[in-house]
Amino acid sequence: MSSKKYFILLALGIAFISLNLRGPITSVGSVLGFISNDLHLSPTEAGMITTLPLIMFTVLSPIVPYFTKKFGLEVLIMFAITLLTVGIIIRSFGLVFTLFLGTLLIGIAIAICNVLLPALVKRDLPQHLTTITAVYTLFMAIGSTISSSFAVPILEFGRTLSLEALPNWAFSLLTSASLSVIAMVLWLPQMKAHQKKHVQDASTEQTSHRYLWRTVSAWHITLYLGCNSLIMYSLVSWLPAIAVDRGFSEHEAGIILGLNQLGTALPAFLLIPIMFRLKDMRLVSASMPFFSMCGLFGVLLEPQYAKVWAILLGVGSGGGFIVALSLIGLRTYDSAQTAALSGKSQCIGYLIAACGPVILGFIHEKTAGWSMPLDFCISICAVWAIMSMLAARKEKIMPPIKKRTPYYC
């Protein structure tokens, strides 16, 4: 296979996998009210639907890199896409148990891809690292936008079909499995090249990266990702509910969430042409929490312009995610260190993010309003802004120098 053809197939496979890495989660936000009413879920329980995948990200992220030594990147990614498809189908059975079981499997699948894709790009496309990172983040945003925007229209279409086997919201969520099936087909060419690469990877020396848990710079990147993800997933869960509370219809609320996810794609269009030219990431890094903070103040003070604020919030969270993934690649030396830092930062980062939807649901339940939850998000943006200046420094993360064992005659 020529290098050009391999590059095209690999980029295409990564792009279609990326379409599935956020949409199966964000689509729930648009129909969360229907799910809650049908299954009689409390606000805290409803928040757990978005939080459960984040818990899986937290638990599995530091473990996934160890499985690459035995199975290889390509095989694990194919396993993840297959598991994602199964999870989407199970979640759509329309029962409380299958809703959470399917969501659990979806979280496991996306956690594997989240950790391994940066390592794959670092290994096979190091000269295009920042550009490819921006591209697959763009496709994540496109998949999320499609899932969020069409969730309610598909639900309404399901009503016209008078489905008896499953609820309309379950039919809406089930349709996202079509994208994961396409991703599975497009990833098949990478399985053919797996054996040769796996032998090469296994022959390299495997070193421990536990030092990353003691490295201050690694923690800066981790907290940057954590604050960004907390804001993003909190809004995915509750932005439609906030919009309905402010007087918008459920259909308009779904569109607002779709615009929010569309906003996450805009930074990729701006950053793709310039990422490889940037010598200092701090200005770009710091601008993302600023955009998010402006959007939150807008929703709080001028909710009638919610569509504008939703796009601005999307720009902040989408751009922050691109920056976080780029920093993971830029500040590491090889694919093994990239996978280790990716696993560590996503473990803690998504643990922080997992708290967001539940905390917002709890505060809303106690205060019977959305002002306090929005104030909480604004305070997180302030912490995010501080981390942005620390995480985007130029220096690579240095592994500790091994002490040589003295030789005695």
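The values are calculated or read from the model by the stated rules, or taken from the named source; none is laboratory data. Since we're looking at a predicted model, the values are computed, not measured. Virtual Cβ from ideal backbone geometry, glycine too; neighbours counted across all protein chains shown. Only protein heavy atoms, including side chains, enter the accessible area calculation; ligands, DNA and RNA are left aside. Shrake-Rupley method; radii C 1.70, N 1.55, O 1.52, S 1.80 Å.
When every residue of region 219-234 is checked against the conditions, none turns out to be closer than 30 Å to residue 379 by Cα, out of contact with any Cys (no Cβ under 7 Å at 6 or more places or on another chain), at pLDDT below 85 and among the β-branched types (Val, Ile, Thr). Among residues of region 144-167 that are among the basic types (Lys, Arg), none has a beta-carbon under 8 Å from a residue that is loosely packed, with under 12 Cβ neighbours inside 10 Å at least six positions away or on a different chain.
For (1) without any contact (Cβ under 8 Å) to a residue 40 or more places away in the chain; (2) of a type in the set (A, V, I, L, M, F, W, C); (3) under 26 Å from residue 240 (Cα atoms), each residue gets a yes or a no:
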site	(1), (2), (3)
38	no, no, yes
42	no, no, yes
45	yes, no, yes
49	no, yes, yes
55	no, yes, yes
69	no, no, no
80	yes, yes, no
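Got at least one residue in region 114-130 being within 16 Å of residue 49 (Cβ to Cβ), part of a helix (DSSP H, G or I), in contact (Cβ under 8 Å) with a residue 24 or more places away in the chain and not hydrophobic (A, V, I, L, M, F, W, C)? No, region 114-130 contains no residue that is within 16 Å of residue 49 (Cβ to Cβ), part of a helix (DSSP H, G or I), in contact (Cβ under 8 Å) with a residue 24 or more places away in the chain and not hydrophobic (A, V, I, L, M, F, W, C).
Do we find a residue being touching a Leu at 6+ places or on another chain (Cβ under 6 Å) and open to solvent by 50 Å² or more (accessible area, probe 1.4 Å) anywhere in region 119-128? Within region 119-128 (the criterion being touching a Leu at 6+ places or on another chain (Cβ under 6 Å) and open to solvent by 50 Å² or more (accessible area, probe 1.4 Å)), the answer is no, since none of the residues qualifies. The residues of region 143-173 that are open to solvent by 60 Å² or more (accessible area, probe 1.4 Å) and within 22 Å of residue 50 (Cβ to Cβ), listed by number, are 146, 150.
Only one of the listed residues (16, 7, 34) is closer than 20 Å to residue 112 by Cβ and open to solvent by 30 Å² or more (accessible area, probe 1.4 Å). That residue is 16.
Here is a yes/no grid of residues against (1) modelled with pLDDT of 80 or more; (2) aliphatic (A, V, I, L, M):
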position: 61; (1), (2): yes, no
position: 73; (1), (2): yes, yes
position: 78; (1), (2): yes, yes
position: 98; (1), (2): yes, no
position: 104; (1), (2): yes, yes
position: 113; (1), (2): yes, no
position: 127; (1), (2): no, no
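Taking each residue of region 23-34 that is farther than 19 Å from residue 85 by Cα and looking for partners that are surrounded by fewer than 24 Cβ atoms within 10 Å (Cβ to Cβ) and modelled with pLDDT of 85 or more with beta-carbon atoms closer than 6 Å, six or more apart or interchain, yields 31/155.
Answer yes or no as to whether residue 75 is touching a His at 6+ places or on another chain (Cβ under 7 Å), in contact (Cβ under 8 Å) with a residue 12 or more places away in the chain and in a helix (DSSP H, G or I).
Yes; evaluated as a whole, the condition is true for this residue.
Quick check on residue 119: is it farther than 14 Å from residue 183 by Cβ and over 15 Å from the mean Cα position of the chain (by Cα)? Criteria met by residue 119.
Residues that are in a helix (DSSP H, G or I) and open to solvent by less than 20 Å² (accessible area, probe 1.4 Å) within region 44-64 comprise 46, 47, 49, 50, 51, 53, 54, 57, 58, 64, listed in sequence order.
Of the residues in region 148-159, none is of a type in the set (Val, Ile, Thr), more than 24 Å from residue 239 (Cβ to Cβ) and at pLDDT 80 or above. Quick check on region 319-340: of everything there that is outside any helix (DSSP H, G or I) and open to solvent by 10 Å² or more (accessible area, probe 1.4 Å), which residue is nearest to residue 290 (Cα to Cα)? Per the stated criteria, the residue is 333. If you check 343, 298, 356, 316 for being within 22 Å of residue 65 (Cβ to Cβ) and open to solvent by less than 60 Å² (accessible area, probe 1.4 Å), only one passes: 343. If we scan region 177-187, do we find a residue that is more than 21 Å from residue 354 (Cβ to Cβ), in a helix (DSSP H, G or I), at pLDDT below 90 and of a type in the set (Phe, Trp, Tyr)? So far as region 177-187 goes, no, none of its residues is more than 21 Å from residue 354 (Cβ to Cβ), in a helix (DSSP H, G or I), at pLDDT below 90 and of a type in the set (Phe, Trp, Tyr). Here is the figure for region 12-30: residues that are closer than 13 Å to residue 103 by Cβ and part of a loop (DSSP other than H, G, I, E, B) total 0. Screening 202, 268, 253, 243 for residues that are crowded, with 18+ Cβ neighbours inside 10 Å and at pLDDT below 80 leaves exactly one candidate, 268.
Against the criterion of being out of contact with any Cys (no Cβ under 6 Å at 6 or more places or on another chain), of a type outside the set (Asp, Glu) and open to solvent by 10 Å² or more (accessible area, probe 1.4 Å), residue 76 qualifies. Comparison of 14, 49, 35 shows that the only residue that is touching a Phe, Trp or Tyr at 6+ places or on another chain (Cβ under 6 Å), closer than 30 Å to residue 369 by Cα and not aromatic (Phe, Trp, Tyr) is 35. Of all the residues in region 380-400, those that are in a helix (DSSP H, G or I), over 18 Å from residue 322 (Cα atoms) and open to solvent by 60 Å² or more (accessible area, probe 1.4 Å) number 1.
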